[in-house]
Amino acid sequence: MSKVLSWLLAGVVICVLGLNGAQAAGYPGFPAAEKIIVIVTAAEDVDHAAAEVMAQCSTCEIRKTFSEVLNGFSVEVLESEVELLRQLNAIERVDPVVQYEAKLDGSVPFIGGDQVRGSLDRNGDRLTGKGIKVAVIDTGIDYRHPDLKRNYKGGYDVVDYDNDPMETISSQGAPTLHGTHVAGIIAANGQVKGVAPEAEIYAYRALGPGGQGTTEQVIEAIEKAVADGVDVINLSLGNTVNGPDWPTSVALDKAVEAGIVAVTSNGNSGPNMWTVGSPGTSTKAISVGASAPPIQTPYVTVAGQEREVTLYPLGGTLPWELKRDAPMVDVGYGLEEDWKNSDVQGKIALIKRGMIPFSEKAQAALAEGAKAAIIYNNLPGDFVGVTQVGVKLPVVSISKEDGEWLKEQVEKEGDSLHIRTIYRHEEDFIAPFSSRGPVTQTWEVKPDLVAPGVAIDSTVPNGYLGLNGTSMSAPHVAGAAALVKQAHPDWTPEQIKAALMNSAKKLVTKEGEPYLPYEQGAGRLQVDKAVEATTLAYPGALTFGKWSKDDPREKRQVSFTVENVGDRTNTYHINPPFEAPDGLQWEVPYAVTLAPGEKEEVAIQLDLFPAVLEEGIHHGDVVVEGGDEDIIVPYVFFIEEPDYPRVMAFSFAPGDAPGEYRYELYLPGGAEEVGIALYDPDTFEFIRFLDVKHNVGRGMTGGQWKELDLEEGTYKALVYARQDGKEDTIEALITVGEYLPPERQGTEVQFRPTLPN
């Protein structure tokens, strides 16, 4: 039980599976016996907890013991014995092992990467990341790539258990490229130059063919990185669980406590509030959202109409560079029968999202001779996606509303309709796919900051490719952290995080209104200013929690550190908003004088009478004046229970024996009632309730059946949870009698890739 492991990774889809289901899907790492694997967190001593498990559970087999980033171990156990584990006094919590899959030339100078080269470290070397070890926990990397081989220093493959963390190649299964792209953004040093082009790259392959990996493998990768003494870890991954106590978030907090800067993507489930997922919910890690570098944004319009439709690039396809007007044809979902009834030769294909993957739609459009393709959403709002294989055709995405409007124009005008493209230079907008905060339970601001994540060109096996996603944003910050670490080798992860947040640029919308704290955090990365910081204020964002309207007047205080890291004495003033609404008063120290190297923990107190304030989220900025530049620290607090989703991450899958089924879902605040209602997917006729529970605590919950009294087929499931006067639902399709792979089960089944889907 001395072997230590670790985790987290980029992108991914988690689906809690029974063994038979996992084996049917071809996932690695599952034993032949009909058992499942769970992650156990010990209440106190790990060895004592393990001994109690072995004494009380005859079917349990302890697989891996974690000591660096998780106080616990993994256990192979019959599913029927899991509840026994939860009842043991030595056990704090039990979580299922989940499945994971895979989150420059314009962006690096834009964040100050060129300007910082003029700065020198203590040894007189230019700031390039030289001597800083950066771990890329991902799908492996192509370390033979000419832009990466110079900086690659080693790593480990926890999928195949060897010292060769190469990306999956086609002879091994579905090939991968994600880790190579991430590594290039951090430290490419060739035709492409990364943020820190002389940083040392350590690759930890935690995801195998097709970007699949288990919790064990990712935990093992993190602990390997910790044991190897890396300085920075990049984790381009996210899921749909907005919970601070989810194991991925806990693991990252532990890694930071070990002295490592941990950077993770915030997720790609935007643009709605509360969409940040673990491990982006980690308090101590740096969670990164996606903004746009300078790009030429294409819009399309119809002659005689004022409406303009924004086009978002689809990763893995050619850029949209159409110069001339072109006719458009509606081809439905882009299924085989849709193409038979359409002539798209030399035209733009308008395709609805759904039914088949983006790659199949794009490849079919190319084969049919289309000039370009536009895929519109089948749900309200925008989306940004990526094809799993490269397609040599311009393909873009648009919102459901814009797509339906274009479809109407096609129906009205027919063959006479022509689409015109116009281009505008744009930058520093928040990508629509970028997940928003805050975090449930802790009510913390996330993301911590944003960085370029739209149309980012970087390395992939055998070449280069432009991709979108918070997977691309996080490595910009990881590279920046390497530069700050080189410039200030004695700084702690907390100081480096503060420098990156304190120096960020506040972004505004097209209308000139500031983006909200839970959209942009402290702002957009400016690495040159972070390196030159002479004052640090941390934490870089504040939360005062929540109140109920019937709470009495109350003062709440947060601790806030101001540190002088410059070379002269400064007097600082902490200024909350001057215009406070009725029912709210601030109490802050008048002034703080600090000599070079000194720091002081100050109290910021909020005196609040909840009955006077409106329900909902309240936000603003605290400004620290007195340094070379003002530091703006965002804050939030809530009146009444926030409007976060009451249910998340629903999954439904076969059990461990024929005829058995199981489901799981996450309740971020618990539920007074939670259930699953089944309907006919065609007629929407109610069939029956599959399960109903009352007064369930926060966290993961679920159920299982040895038999379902249902005919074989596909059903529409309406999953609902009710808490504090609010009810939320998830719609999903579930299949009885035929195994479905996890990506087709439900709508919120899995950890989402931090490449947008």
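The values are calculated or read from the model by the stated rules, or taken from the named source; none is laboratory data. Remember, it's a predicted structure, so these values are computed and weren't measured experimentally. Neighbour counts run over all protein chains shown; Cβ positions are idealised from the backbone, glycine included. Just so you know, the surface numbers come from the protein's heavy atoms only, side chains and all, with ligands and any DNA or RNA stripped out. Shrake-Rupley method; radii C 1.70, N 1.55, O 1.52, S 1.80 Å.
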Inter-part gap, Cα centre of region 257-315 to Cα centre of region 587-658, in whole angstrom, is 21 Å
Percent antiparallel among DSSP beta bridges confined to the chain, rounded to 5, stands at 70 percent
Those chymotrypsin sites (Phe, Trp or Tyr not before Pro) from region 670-725 that are DSSP loop and have at most 14 other Cβ neighbours within 10 Å turn out to be F684
For I419, other-chain or 5+-apart residues with amide H closer than 5 Å (H placed, Pro excluded) are A326, M328
In whole angstrom, the spacing between the Cα centers of region 107-165 and region 354-383 equals 35 Å
For region 421-468, Rg(Cα) over 2.2 N^0.38 Å is 1.61
Once normalised by the length of region 295-418, the mean sequence separation of its alpha carbon contacts under 8 Å that are 6 or more apart gives a contact order in percent of 30 percent
Compactness summary of region 471-607: radius of gyration and Dmax from Cα atoms, Å, are 17.0, 51
Carbon/sulfur accessible area of the chain, % of total, 1.4 Å probe, equals 46 percent
Note on region 119-219: contact order normalised by length, alpha-carbon pairs under 8 Å, 6 or more apart, percent, works out to 38 percent
Sorted largest first, the Cα spans of region 226-326 on the principal axes come out in Å as 61, 28, 19
Heavy-atom accessible area with a 1.4 angstrom probe orders K361, K529, most exposed first, as K529, K361
For R63, R662, the accessible-area ranking with a 1.4 Å probe, largest leading, is R63, R662
When the charge dipole of region 421-564 is computed with +1 at the Cβ of Lys and Arg and -1 at the Cβ of Asp and Glu, the Cα pointing farthest to the positive end, of L500, F433, T459, is that of F433
Share of Cα-Cα pairs in region 45-84 beyond 17 Å, whole percent, is 26 percent
So the compactness index of the chain, its C-alpha Rg divided by 2.2 N^0.38 Å, takes the value 0.94
In terms of the charge dipole of region 652-716, which places +1 on Lys and Arg and -1 on Asp and Glu at the beta carbon, the residue among L708, G670, F684 farthest towards the positive end is G670
Flagged as over-length at 32 Å C-alpha distance, from K407/K506; K546/K693; K254/K549, the pairs are K407/K506; K254/K549
Cα pairs beyond 14 Å in region 141-215, in percent, come to 56 percent
Which of K153/K599; K193/K361; K555/K599; K371/K400 exceed 31 Å between C-alpha atoms? The answer is K153/K599; K193/K361
Residue by residue through region 124-129, the couplings from Karplus 6.51 cos²θ - 1.76 cosθ + 1.60 with θ = phi - 60°, in Hz, x for Gly and Pro, are x, 8, 5, 7, 10, x
For W339 the rounded accessible area (nearest 10 Å², probe 1.4 Å, non-protein molecules ignored) is 20 Å²
For region 620-737, the percent of all C-alpha pairs falling in each 5 Å bin, from 0 up to the bin holding the max distance, is 2, 10, 18, 17, 14, 10, 6, 5, 5, 4, 4, 3, 2, 1, 0
From DSSP H assignment alone, runs of 4+ in the chain each adding -39500 (n - 2.57), the sum over residues rounded to the nearest 500 puts [θ] at 222 nm at -5000 deg cm²/dmol
Output ordering of 613-626, 340-353 (per-residue mean of other Cβ within 10 Å, highest first) is 340-353, 613-626
With all protein chains in place and a 1.4 Å probe, F383 shows an accessible area in Å² (nearest 10) of 10 Å²
Expressed as a whole-number percentage, the relative contact order of region 281-320 with C-alpha contacts under 8 angstrom and at least six residues apart is 27 percent
